[in-house]
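I have placed the structure first, in the form of C-alpha cells, so that the comments after it can refer back to it.
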Amino acid sequence: MDASGFSHLHVASGYSARYGAALPRLLVQRAAERGLTTLALTDRDTVAGTVRFAKACVAAGIRPLFGVDVAVAPSDEPAPGAGRRRTPARGGAHVAEPRWRVTLLAQSAAGWAHLCRIVSAAHAAPIDGVPVVAWQVLEEHLGDGLVVLLGPTSEPVQALMSGRADMAEELLAPWHRTAKAGLRLEAVYLGRTGTGAGSLRLAGRTVQLGDRLGIPVVLSNAVRYADPGQHRVADVLDAARLLRPIDRRQLDSGELWLKGPAEMAAVAARVAEAAGGGPERAAELLAQTEETAASCVLDAVGDLGLGRAQRRVLTDGTGKRPSPDLTLTMVFHAQVVTLAGRLAGRE
C-alpha cells in the first residue's frame, strides 16, 4: 500500500484548554520530520492558535488546513439548563463536558467566515458556562465552504457503539440536510477494544455506514499530542479539566499522537479489514482523506492576511472586545502543560 503521504484532519494543540498537549510549533515540526505535507489545526472551541500555526507551517513548508472542534447540541435540542446538575458528595464542582462534538474544516474564505461565526455564537450563548453550538446556528452557517467530520464523539456515530445503525442513519438525516456535500464520517482506531470510541469495531462500523449511505469516510487519529510519550501529559490535562485525580482505569491510550504515513496506512488496513474490505478499501479510505484535504484551499496569506497589518479590532461576536478570561485560561493551561511535562520526564 502506498504510504507516501497522509493528511491529519483532526488535530488539537495546546490552545485547546486543558486538552491539547503540544503547541502548534511542535506539531508542525513533527509533521515535517515524519514526511507529512498537509496538516490541520482543529482546536477545541477556539481558533486562537491559527496565526502561530500558520506561521509555523509556512516556515516548515507544510500546507495548513484550518478548522475547529466544537460542541454541538443534540439533534432534538433540549431547552438550555434542562436537567439537574450533579453535585459531588464531598463538595467541590462537578464538571459536565458536552456530550457531542464535531469537527469543522474551512474550504474557502467564505467557509472560514462561517466557521468563525459559529465559534463566536457558541461563546456568546454558552450552556451552563460551556460553549455549545445550537442547531439554529448550524443551519444558518453550514453547507457553504465547510467540511463537517462526524467521528466517535458525534451523536450519529455514538449510536453505532450499541449496534444501532438504524438510529445512526436517522440521526444523520439533519446533518446530511444541513452540511450537504461537506458531510464526512470520521473513522478513528486507537487500539482500544470493545465497541467504544477508538475501537476497531466502531471504526469498521463507521466505514460500513458510510458505504451504505454513500457518505465519504475519512481516516483520522484524533491527534492531541505530537509524540507518543506525551500521553502522560494528556492524563494530567484530563485530571485538571475534569477536576479529579488521575484515574488509572481511564488513562489515555497513548495512540493519539501525530503518526506518520506508514503508521496511518497500517491503521487504514486494519479499519478496512474490520469493515469487511481489503487493500482496495484501505487505499480508498486514504484517498478520500486526501481528497477532503485537497478540497480545503483556504490560503493563509491571500485569504487570512498572514503577514499583513490588520486594522480591525477583534470582537466576541457581539461587538465587544474579548474577555481577558480567555487569556488567563491559556496562561494556566501553558503552566499545566509545562509542569506535567517535567513530571513525566522524571519517571
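The values are calculated or read from the model by the stated rules, or taken from the named source; none is laboratory data. Since the model is a prediction, treat every value here as computed from it, not as a measurement. Positions of Cβ are generated from backbone atoms using ideal geometry, with glycine treated the same way; all protein chains shown enter the neighbour counts.
In the set ALA197, ALA121, only one residue is in a helix (DSSP H, G or I) and either aliphatic (A, V, I, L, M) or without any contact (Cβ under 8 Å) to a residue 12 or more places away in the chain (or both); that residue is ALA121. Selection within the range 144-170: residues that are of a type in the set (Val, Ile, Thr) and over 10 Å from THR206 (Cα atoms). The member of this set that is surrounded by the most Cβ atoms within 10 Å (Cβ to Cβ) is VAL147. When the range 51-60 is limited to residues that are within 19 Å of the chain's Cα centre (by Cα) and surrounded by 21 or more Cβ atoms within 10 Å (Cβ to Cβ), the one that is farthest from VAL132 (Cα to Cα) turns out to be CYS57. Considered as a group, the residues in the range 225-248 that are in a loop (DSSP other than H, G, I, E, B) and surrounded by fewer than 19 Cβ atoms within 10 Å (Cβ to Cβ) include one that is modelled with the highest pLDDT, and that residue is ASP227.
Scanning the range 249-260 for residues that are among the hydrophobic types (A, V, I, L, M, F, W, C) and surrounded by fewer than 16 Cβ atoms within 10 Å (Cβ to Cβ) returns a single hit, LEU251. Considering only residues in the range 18-47 that are small (Gly, Ala, Ser) and out of contact with any Asp or Glu (no Cβ under 8 Å at 6 or more places or on another chain), the one that is surrounded by the fewest Cβ atoms within 10 Å (Cβ to Cβ) turns out to be GLY35. Checking each residue in the range 1-34 for being among the hydrophobic types (A, V, I, L, M, F, W, C) and modelled with pLDDT of 95 or more picks out PHE6, LEU9, VAL11, ALA12, ALA21, ALA22, LEU23, LEU26, LEU27, VAL28, ALA31, ALA32. Answer yes or no as to whether ALA48 is modelled with pLDDT under 95 and either in a strand (DSSP E or B) or under 25 Å from VAL133 (Cβ atoms) (or both). No; evaluated as a whole, the condition is false for this residue. Applying a threshold of 6 Å to beta carbon distances and a minimum spacing of six or more residues, or different chains, the list of pairs starting in the range 214-235 at a residue that is touching a residue at least 60 places away in the same chain (Cβ under 8 Å) and ending at one that is in a helix (DSSP H, G or I) and among the basic types (Lys, Arg) reads ALA226/ARG30.
A count restricted to the range 249-280 and to residues that are touching a Lys or Arg at 6+ places or on another chain (Cβ under 7 Å), farther than 18 Å from ALA40 by Cα, in a loop (DSSP other than H, G, I, E, B) and not hydroxyl-bearing (Ser, Thr, Tyr) stands at 1.
Looking across the range 152-167, the residues that are within 20 Å of the chain's Cα centre (by Cα) and either in a helix (DSSP H, G or I) or more than 16 Å from ALA71 (Cα to Cα) (or both) come down to GLU155, PRO156, VAL157, GLN158, ALA159, LEU160, MET161. Against the conditions (1) modelled with pLDDT under 85; (2) closer than 30 Å to PRO126 by Cα, LEU251 satisfies every one except (1).
Yes or no, residue by residue, for (1) of a type in the set (A, V, I, L, M, F, W, C); (2) in contact with a Phe, Trp or Tyr (Cβ under 7 Å, 6 or more places away or on another chain):
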| site | (1), (2) |
| --- | --- |
| PHE6 | yes, no |
| GLY49 | no, yes |
| LYS55 | no, no |
| VAL58 | yes, no |
| ARG63 | no, no |
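Inspection of the range 190-208 finds a residue satisfying the criterion of being within 17 Å of the chain's Cα centre (by Cα), of a type outside the set (D, E, K, R), under 17 Å from GLY276 (Cα atoms) and surrounded by 22 or more Cβ atoms within 10 Å (Cβ to Cβ).
The residue pairs whose first member lies in the range 265-277 and is touching a residue at least 60 places away in the same chain (Cβ under 8 Å), whose second member is outside any helix (DSSP H, G or I) and surrounded by fewer than 19 Cβ atoms within 10 Å (Cβ to Cβ), and whose beta carbons are closer than 6 Å, counting only pairs six or more residues apart or on different chains, are ALA265/MET1; ALA265/ALA3.
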